[in-house]
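Below: the structure, in structure tokens.
The values are calculated or read from the model by the stated rules, or taken from the named source; none is laboratory data. Predicted model only: the values in this text are computed from it and were never measured. No Cβ is skipped: glycine too gets one built from the backbone with ideal geometry, and neighbour counts run over all protein chains shown. For the accessible areas, the whole protein counts, side chains as well, though only heavy atoms, and no ligand, DNA or RNA atoms are used. Shrake-Rupley method; radii C 1.70, N 1.55, O 1.52, S 1.80 Å.
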Amino acid sequence: MKRILVIDDEPIVRTSCMRALQYEGYEVMLAGSGNEGLDMLNKGSFELVLLDLKMPDMDGMEVLMKIKEQWPGTKVVMITGYSTVETAVQALRLGAYNFVEKPFTPDTLLSAVREVMENSGSRPKE
Amino acid sequence: MKNIFRHPEKFIAAKLIIAIGVLMVALTFIFWYAILTKQEKDIMSIALRYGGSFVHFTRESIFNSLMNVQPDETQRVLQTLGTPEGVQSVRIYDHEGKVLYNSQKNSIGEFVDKGSVACKGCHVSPEKSPALSQSVRKWSVYRNMQGVRTLQVIDAITNEPSCSTAACHAHPSNIKMLGFVEAQLSLAFLDEALLKQRLALSAYVVMFVLATSLSLGIIIYKIVSKPVSELVQGMEKVASGNLEHSVAIKSVDEMGVLAQTFNAMIRDLKMARDQRERWTQTLEAEIAKKTEEIQRTHVNLMQTEKLASLGRMAAGVAHEINNPLTGVVTFAHLLKKRFPSESEESQDLNIIIEQADRCSKIIKNLLTFARATPTEKGKVSINDVLNRTIFMVQNQEKFHHIKFNINLEEYPFVIVGDSSQFQQIFLNMFINAADAMNERGRISVATRKTTENGKPYVEIEFTDEGCGIREEDMPKLFEPFFTTKPVGKGTGLGLSVSHGIVKHLGGYIKVKSTVGKGTSFFVRLPLNEEGK
Ligand SMILES: Nc1ncnc2c1ncn2[C@@H]1O[C@H](COP(=O)(O)OP(=O)(O)OP(=O)(O)O)[C@@H](O)[C@H]1O
Ligand SMILES: [Mg+2]
């Protein structure tokens, strides 16, 4: 069972992610800000972090750098709006695995998640 | 010529003529006076000479009869001598003044007028003393009773040895003066001649003065007054703004030189004025052009400003909407999975998903519009992008009944920019054209090289045979959200996004449209020639 952490300041985006992924059998934890997410990462290990780029207090890019610093093995997929494609590209350079554009369908999200899981050699429980 | 003497102070010619006239009159008068005086003097001296010889001759004539004491003979000779018309009287008188003989016979024995030259010729005042005057003047001229000028001449009969020794009535030899011969000669003839001559001379002088003045006047008028007045007229005309005028003075003197200088000056003036007028005109045209440009720029600026602020707002809104939209999409999908795909619920959810999708597209467009800056800059070949876009479009159902007329100039139209943005512009043009033609008809696409203000431009033309654009819609065409299309078909962002992109690259979009016939869009972009 792979654990996924969703860090997003928007509750609806968080729940959307949780519901879409839970439906597929992943264990999903939610964090409303970068700090909260980092706390949760400290407490338990996660296979994948879904990270919103645009957040009020700690920017997604900053969170990404911290994650890559402390938990290099943890994969990060960025959630972006259209206008932040360049920053998404920058995020990829900083070590993010991929990114999904908002608004996404459960299928796009899942395929992005699956890609990560497959490459890391683990599958979600059926 | 007449009016120049009415105000002589205003005319050089009048002054000259008057000055010369006055001078001439004065000089001729002096000349005339001198001649007359000289003439009179000459005539008088002649008269005196004749008078002198006459009395001398008289004395000689009567000498013998006096000597021989023959009073009758003496009287006879005197009478004979007194006959000529000019001789008024010939008298012999002694030193006492007593007339002894007289050609007129009447006043014999009377005394002569001692105040006249008869005594005063030698004495200063004979009544008082016998003192002799310094200069002896034996003649005088006076007017007689009839007013006729008369020459009175005397001559002395001196005591000769033959007298003092004569036997008969010998004069004592100590007496020097025995008596005097006196003649009164009329000057009437001379005066008459003199008067005639005077009249003639005066007439000549007057005629001369008149003739010279007249000819001088005419000459001065011709040489000075006419050219001067022509010059003055010319100047007045010029002063009143008529620069076509030129003074027609052909002479080579100073006046001619003046006229030529004047004409040259007028020519220069005219040239300067014409030049100035041309400048003014070009300046006005330039100002009008610039004003229009400024107005256009201002309008564009306002538009750009409006677009920019709208864009910023739109971007903010779009970002915010993305989040709830994510929820809508996700939950609709999740819900859909719980129903069989044929079920009514599933179909309703499909509508939600579609509409959410539409929202998402609108947001994407909005965001593109908000940031019309190229993301991936590179050298883009306009012709290539056009060909690709046309190819892409031709495979779409929307364009199945549309014929493309492609006429691309073979030239490497290279622009540094984002090819996807160009594609977006072209795609919108094609979709707009197809919509305007109800998806049936012909779209002409052409590229050509033009120059504007010496800089190379590429012009991309999109012409359709569609419904055209109404005049009142023209100004709103590039405004965001302006659309005439039904809800769901157009967002009204296509042209405003295109405008933003083209503007950013230093170009512009021109529209020509006839309602019912069709529309042409011209996208003009500056070329980066050095980068080709
Ligand atoms: N070729 C054309 N012929 C006639 N009308 C046109 C043409 N191109 C544009 N228009 C008019 O200009 C309007 C604005 O065009 P624009 O491309 O900006 O928006 P749209 O096509 O309506 O929507 P969108 O491009 O965002 O889907 C159109 O709605 C239409 O009325
Ligand atoms: Mg359009």
| message | For the range A:38-46, check the following and say yes or no: at least one residue is in contact with a Gly (Cβ under 8 Å, 6 or more places away or on another chain) and hydrophobic (A, V, I, L, M, F, W, C). | response | no
| request: Would you check which residues across the range B:114-141 are within 16 Å of B:Gln184 (Cβ to Cβ) and either within 60 Å of the chain's Cα centre (by Cα) or free of Cβ contacts under 8 Å to residues at least 12 places away in the same chain (or both) and list them? | output: B:Gly115
| If only one of B:Ala272, B:Ala259 is at pLDDT 85 or above and small (Gly, Ala, Ser), which one is it? | B:Ala272
| said: For the condition in contact with a strand residue (DSSP E or B) (Cβ under 8 Å, 6 or more places away or on another chain), β-branched (Val, Ile, Thr) and touching a residue at least 60 places away in the same chain (Cβ under 8 Å), what is the one hit in A:Val28, A:Val13, A:Val49? | reply: A:Val13
| said: Can you tell me which residue is surrounded by the fewest Cβ atoms within 10 Å (Cβ to Cβ) among those in the range B:442-486 that are within 11 Å of ligand 1 (Cβ to nearest atom) and assigned to a strand (DSSP E or B)? | reply: B:Thr463
| query | When the range B:487-498 is examined, which residues are found to be open to solvent by 30 Å² or more (accessible area, probe 1.4 Å) and either more than 8 Å from ligand 1 (Cβ to nearest atom) or not in a loop (DSSP other than H, G, I, E, B) (or both)? | reply | B:Val487, B:Gly488
| Quick check, is B:Phe430 within 21 Å of B:Arg524 (Cα to Cα) and assigned to a loop (DSSP other than H, G, I, E, B)? | no
| message | Could you go through the range B:48-68 and let me know if any residue there is modelled with pLDDT under 90 and not in a helix (DSSP H, G or I). | response | yes
| Consider B:Ile108 against the criteria (1) touching a strand residue (DSSP E or B) at 6+ places or on another chain (Cβ under 9 Å); (2) outside any loop (DSSP other than H, G, I, E, B): it satisfies all of them except one. Which criterion is unmet? | (2)
| message | Please determine whether any residue of the range B:92-107 is in contact with a helix residue (DSSP H, G or I) (Cβ under 9 Å, 6 or more places away or on another chain), farther than 16 Å from B:Glu182 by Cα and not aliphatic (A, V, I, L, M). | response | no
| task | Can you work out which of the residues in the range B:500-523 that are under 28 Å from B:Ile363 (Cα atoms) and open to solvent by 30 Å² or more (accessible area, probe 1.4 Å) is farthest from ligand 1 (Cβ to nearest atom)? | result | B:Gly506
| task | Answer with yes or no whether B:Thr80 is in contact with a Phe, Trp or Tyr (Cβ under 9 Å, 6 or more places away or on another chain) and either modelled with pLDDT of 85 or more or not in a helix (DSSP H, G or I) (or both). | result | no
| said: Out of everything in the range B:414-441 that is out of contact with any Ser or Thr (no Cβ under 6 Å at 6 or more places or on another chain) and aromatic (Phe, Trp, Tyr), what residue ends up being farthest from ligand 1 (Cβ to nearest atom)? | reply: B:Phe422
| task | Would you mention how many residues in the range A:98-121 are facing another protein chain (nearest Cβ under 9 Å), of a type outside the set (S, T, N, Q) and buried (at least 17 other Cβ atoms within 10 Å of the Cβ)? | result | 6
| field | All positions within the range B:481-513 that are free of Cβ contacts under 8 Å to residues at least 12 places away in the same chain and away from ligand 2 (no atom under 12 Å from the Cβ) | value | B:Pro486, B:Val487, B:Lys512
| Meets criteria (more than 14 Å from the chain's Cα centre (by Cα) and surrounded by 15 or more Cβ atoms within 10 Å (Cβ to Cβ)) for A:Ile12 | yes
